[in-house]
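Reading through the structure tokens given below for one structure.
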Amino acid sequence: MSTRLATGGRLIDRSKPLSFTFDGRSLGGFAGDTLAAALLANDQMLIGRSFKYHRPRGILASGVEEPNALVGLGQGPRFEPDQRTTTTELFAGAATVSQNAWPNLDLDIGALNNLAYRFLPAGFYYKTFMFPRFAWKHLFEPVVRLSAGIGRVPKDRDADRYEQAYDFTDVLVVGGGVAGLAAALAAAKGGQRVLVLEQTAHWGGRAPVDGIAINGMPADAWVAETVASLAALPNVTLRRRTMAAGVYDHGYVVAQEAVADHLPGADLPRHRLWRIRAGRIIAATGAIERPLAFAGNDIPGVMLASAARDYVVNWAVSPGDRTVIVTNNDDAYRTALALHDAGLVVPAILDARAKAAGELPALARARGIRVLEGRGIARVKGGKRVKAVEVCAQAGEGAVLETIACDCVAMSGGFSPVVHLYSQPGGKLVWDAANGMFTPDPARAPTGADGKPFVTCAGAASGALQAADALADAHAAGGGEAAQAPRAEAAAEAPMQPVWMMPQGAPAKLRFKMWLDFQNDVKVSDVQLAAREGYESVEHTKRYTTLGMASDQGKMSNINGLAILSDALGQPIPATGTTTFRPPYAPISFGAIAAEARGEIFQPLRRTPMHDWHAAAGAHWEPVGLWRRPYCYPRGGESHSQAVNREVTNTRQNLGLLDASTLGKILVKGPDAGRFLDMLYTGVMSSLPVGKCRYGLMCSENGFLIDDGVVVRLADDAWLCHTTSGGADRIHAHMEDWLQCEWWDWQVYTANLTEQFAQVAVVGPNARKLLERLGGIDVSKEALPFMAFTEGTLAGIPARIFRISFSGELSYEVAIPASHGLAFWKACLAAGADLGLMPYGTEALHVMRAEKGFIMIGDETDGTVIPQDLGLGWAISKKMPDYLGKRAQERSHMTNPERWKLVGLETLDGSVLPDGVLAPAPGANPNGQRATQGRVTSTYFSPTLGCGIAMGLVRRGPERIGEVLEFVAAGKSIPARICDQVFYDKSGEKQNV
Amino acid sequence: MLTLTCPCCGVAAEETELAPGGEAHLKRFGPGASDEDFEGYLFARKNPKGVHFERWRHAMGCGKWFLAARCTATLEVFGTYKAQSPEPPPEIIAAIKARRPDWKGYS
């Protein structure tokens, strides 16, 4: 069993006991524990179940590479699945639950999959669920969904807050182990700004656990001294609990700081996402130990040798009473020494190498520990916990030589440098055959904006696995002189010997039980099967078998897996290569990615000057871009459609008031402004007299309609261009693009004045009466005819009046300074009470424009429609030699008479056509789909006519007036007659009074 | 995430402050142009792996368009220059040649 040792533990504070729960059971730990250490101290080796076979899963590692020991942590709105117990610091009251087990961890129904392992091989899903096709949706998917995923999705809104911050540094050192500290000190002495990030709560990394001496003092003391000197330097910033997740182009780094994970209840953001720009990055990220592939290597109680040592030295936790060590290198002997020195029993060290003759094996032998050379594990015995190991010859096929009783196995397959941050931005690796690892190739490092390398690996991450080499390497990476490098003293290690399978001639029966990816249940047999089935690329094999796709992202499994694949393909490991390293290095929280951008500040809300009045009047809102516009103003118990009908009828019979402030207003001014607008619009704007308005269309160079609006000639050299509500910023940018990049010698200024003016549309038969009551400007038919503009003082407020109409009624649009918007709106309401004045919203606006057959950008246009399709030929100049889109509109496809063109549509029974429905045509299109001949672009109930009205694009539409088309909606056919698109006041006498 | 220096305001701007605008130095063809010339202007883009000239706008900054010479494979930036340039200026050409001796030159 695993338990707490009576003494020791360099990271725990025995004076601060903490209680927590696991699956409802109350357990105790100490401040400084990780969840994993505390669980182990309570003999809780079984933590969860694997993904596919629901195999029992225990603690395998002691750090970020842990694939098994994930739990659900927290309660209610603070619950979060898949929390890694090996990196989560214990806090008082932590509530944890096991995952992927039902009804409970010890008795799990899903474990039946385990008995069926022969029928669930690699690619099982691809092979099984292909046919029949209908079965996927109705049979397979619902079942697969139930068993998919590890952990439970939180149901409540996250109660914690998160934030983001920016930082800038000359040198970023990632990793606060001895290599990182040495590199940081060397770099800081050069005077550069240095930022050091350490993912755990502690400086020093593995060196203190490994018993290394630096500059003649114990590693712990050297670390404390170095951290103190760094902290004293003004150009150095040290951050613990901060994990660099990704390195991107030009030195951009994303890191997550766990600010308050260990301080629940503190008034702090839980996580802080750092967005860092670094001139140079030193990745002192260390190395991760690899498991060995032997049968039963996934049984709880089998763990990495370095992790077993960590639990004893850091947290005074014994992983087992009797621990068998199995290794292919000298480093694992340090675990044997640590366990032995803590009073625990190491029955044997199984060394796969033919000879174990180094300094460390000698130290083990001197303590009386049995060292068996050329031996390996044939099979681990046990179910939910290791009971014994069967010993075999590594060179053989697994014949059992002896059985050793034990409750823990500490394994070491060598180390893999953590090259993620170097590889993410494109750094290339080389294969070090002697040490069985990929290391950074300094000749092919990732390069930055200046073309020079910007990520350097230092220490173990660069392949310098021995302490003395690592420190010298890191000191040099920081720019230090060799003579001043810190000197490490450690036992010399003999060479390791790569072992990818144990024993090397293992038969299928054993290979079926050798795990590579512990979380996703990928075994040696699965990778070999993939190779037999033709998966030669490591990237394809990964996706086929799911090797390395678990939440540890292959930190444990990738190198072993690609070694097995290379062997099966009969090629050297570098020929197979690695999968792509992608950020994040370890998972970061969605909360930190979103940070403050949630709720009301997810995106800005634009308000017109009259916004609060609309809200007080009970407006039902419609989002238009970032604006909110009143859709309608329901009164009493009115439904929205009742309100819209009332607003339309009242505007047509009496008087309506619309807040049109969101309309885009761009001032175009200068000696060449007229010439510029002639290029921008399809119609001539330079000839527009001062004081007049003209409707204009804008197209892209592709010929397609992008915006429309009324242009006003304010003065000789100044035009005001109205754009659609959503289009102001886009059209302003479009203007600037052409001015700055094509016609840069033209003297034109543009200014987007959208928010400088409020705009109110006064619409209806009583519109003129209202403006006359407000007083100050002559708005008679003679003084201000249709499509004219004037300015002056209206109701005591400086105002511009445009006599334009989007409704077909007598209509004035009044622009006033934004600061006067609300006052003017209220003045209109007060003066118009007895004229039947009512405000109306965007839906009434839409209905009225559709009754008049006016187009709306985004309804009648979709980026493939040219003005000629919409019967807008009258707004296109035949005389102008050029305008944006003119050449494109001359292309054969654009002049094809078969194009779909705008018409009106009326159903035979007066009903409202569904929006967007298609009219099928006989035959099929070139893709074999049913041919179509038209679609509905706008459709409304018209309260004025008492029936449905619609517009649509129909093949050769205007030539087919009177024809009846069958539109199809939800399998039902709806006949509609093609008609003129103007449904109301065709002669235009209502607006022209 | 790229950083490019805006030649108008001098700010070393991060990619989130910039809006991309595609290939630089396109020659506009309008009415009267042949189908081939117009098609080339509208659709044919170089898309090289290596030295490339691009349009960028300092959209969240000074608002000005500018041009950048950049390696699409390594993301090395050879320089930025004003949008009002019919072709890459000599100092940009020299900077590219210094870093890419095999480069065939702007065409």
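The values are calculated or read from the model by the stated rules, or taken from the named source; none is laboratory data. Given the structure is predicted, the values throughout are model-derived calculations rather than measurements. Backbone-built Cβ (ideal geometry, glycine too); neighbour counts: all protein chains shown. Remember, those area values only see protein heavy atoms, side chains included, never the ligands or the DNA or RNA. Shrake-Rupley method; radii C 1.70, N 1.55, O 1.52, S 1.80 Å.
For the stretch A:897-993, with all protein chains in place and a probe radius of 1.4 Å, 52% of the accessible heavy-atom surface sits on carbon or sulfur. Shape of the stretch A:590-686 from its Cα gyration tensor (a ≥ b ≥ c, root eigenvalues): rounded if a/c is under 1.5, otherwise prolate when a/b > b/c, or oblate? Verdict is oblate for the stretch A:590-686. Of A:SER942, A:SER98, A:SER687, the residue with the largest accessible area leads and the full order is A:SER687, A:SER98, A:SER942 (1.4 Å probe). Enter the Cα centre distance for the pair the stretch A:760-818 and the stretch A:242-303, rounded to the nearest angstrom. Going from one Cα centre to the other spans 65 Å. Annotation for the stretch A:176-193 versus the stretch A:454-500: alpha-carbon center distance of 15 Å. Here the dipole of the protein assembly as shown is about 1300 debye; that uses its Cα centre as origin and unit charges on the Cβ of Lys and Arg (positive) and Asp and Glu (negative). Between the residues A:THR861, A:PRO507, A:PRO671, the greatest Cα displacement towards the positive end of the dipole of the protein assembly as shown, with unit charges on the Cβ of Lys, Arg, Asp and Glu, is found for A:PRO507. The residues A:GLU813, A:GLU860, sorted by heavy-atom accessible surface at 1.4 Å with ligands and nucleic acids left out, run A:GLU813, A:GLU860 from largest to smallest. Sorted largest first by accessible area at a 1.4 angstrom probe radius, with every protein chain in place, the residues A:VAL993, A:VAL668 fall in the order A:VAL993, A:VAL668.
Taking trypsin sites (Lys or Arg not before Pro) across the stretch A:763-829, the ones in a DSSP loop with at most 15 further Cβ atoms lying within 10 angstrom of their Cβ are A:LYS781.
Using the empirical formula 2.2 N^0.38 Å as the baseline, the Cα radius of gyration of the stretch A:796-840 reaches a ratio of 1.21. Mean projected area of the Cα convex hull of the stretch A:431-539, taken over all directions, amounts to 11.1 nm². Averaged over its residues, the stretch A:11-59 has an accessible area of 32 Å² per residue, based on protein heavy atoms and a 1.4 Å probe. Put a plus charge on the Cβ of each Lys and Arg, a minus charge on the Cβ of each Asp and Glu, and nothing anywhere else: the dipole of the stretch A:897-993 about its Cα centre is then about 300 debye.
Dividing the mean sequence gap of close Cα pairs (under 8 Å, 6+ apart) by how many residues chain A holds gives a relative contact order of 9 percent. For the stretch A:686-771, the set of GluC sites (Glu not before Pro) satisfying both a DSSP loop assignment and a count of at most 16 other C-beta atoms within 10 Å is given as A:GLU742. Here is the interface size for A with B: some 2500 Å² of accessible area buried, both sides summed, with a 1.4 Å probe.
Note on the stretch A:681-809: with neighbouring protein chains present and a 1.4 Å probe, carbon and sulfur make up 51 percent of its accessible heavy-atom surface. Alpha-carbon geometry of the stretch A:897-993: the Rg and the Dmax are 14.3, 54 Å, given in that order. As a fraction of the 1.4 Å probe accessible area of the stretch A:383-457, surface on carbon and sulfur atoms comes out at 57 percent. Heavy-atom accessible area for A:GLU536, with the other protein chains in place and a 1.4 Å probe, reaches approximately 130 Å². Burial here means at least 30 square angstrom less accessible surface with every protein chain in place than with the chain by itself, probed at 1.4 Å; in the stretch A:425-451 the buried residues are A:THR447, A:ALA449, A:GLY451.
Given a 1.4 Å probe and the protein chains as shown, A:TRP743 ends up with an accessible area of around 20 Å².
Just to confirm the number: angle between the C-alpha axis of helix A:219-232 and the first principal axis of chain A, 0 to 90 degrees, nearest 10? Helix A:219-232 sits roughly 30 degrees off the main axis of chain A. Taking accessible area as the heavy-atom solvent-accessible surface of the protein chains with a 1.4 Å probe, which residues of the stretch A:876-896 lose no less than 30 Å² upon going from the isolated chain to the full protein assembly? By number: A:ASP882, A:ARG887, A:ARG891. Within the protein assembly as shown, antiparallel bridges make up roughly 75 percent of the DSSP beta bridges whose residues both belong there. Binning all Cα-Cα separations of the stretch A:291-413 at 10 Å, short to long from zero, yields these whole-percent fractions: 15, 51, 31, 3.
Each peptide in A:228-235, A:551-558, B:51-58 receives the mean, over its residues, of other Cβ atoms within 10 Å, and ordering these scores from highest gives A:551-558, B:51-58, A:228-235. Are there any residues in the stretch B:76-107 with a reduction of at least 50 Å² in accessible surface when going from the isolated chain to the assembly of protein chains? Probe 1.4 Å, please list them by number. Relative to the lone chain, where solvent access is computed with a 1.4 Å probe, the stretch B:76-107 loses at least 50 Å² at B:GLN84.
Between amide H atoms placed 1.01 Å from N, distances below 5 Å from A:LEU90 occur with A:GLY32, A:ASP33, A:THR34, A:LEU35, all of them 5 or more places distant or on a separate chain. Annotation for the stretch A:382-441 versus the stretch A:16-50: alpha-carbon center distance of 27 Å. The residues of the stretch A:291-413 have, on average, 28 Å² of accessible surface per residue, using a 1.4 Å probe with all protein chains present. Accessible surface for the stretch A:897-993, divided over its residues, is 50 Å² per residue with a 1.4 Å probe. Judged by the mean number of other Cβ atoms found within 10 Å, the most tightly packed of the peptides A:285-292, A:845-852 leads the ranking A:285-292, A:845-852. Pairs of Cα atoms nearer than 8 Å and 6+ residues apart set the relative contact order; for chain B it is 24 percent. Within the full protein context, the accessible area of B:MET1 is estimated at about 40 Å² for a probe radius of 1.4 Å.
Per residue of B:9-18, other chain Cβ atoms within 10 Å of the residue Cβ number 1 on average.
Karplus-derived 3J(HN,Hα) values for the stretch A:510-523, using 6.51 cos²θ - 1.76 cosθ + 1.60 with θ = phi - 60°, are 7, 5, 5, 10, 9, 7, 9, 9, 6, 6, 8, 6, 10, 10 Hz; glycine and proline are entered as x.
Evaluated on chain A, the Kirkwood hydrodynamic radius is 33.9 Å, with distances taken between all distinct Cα atoms.
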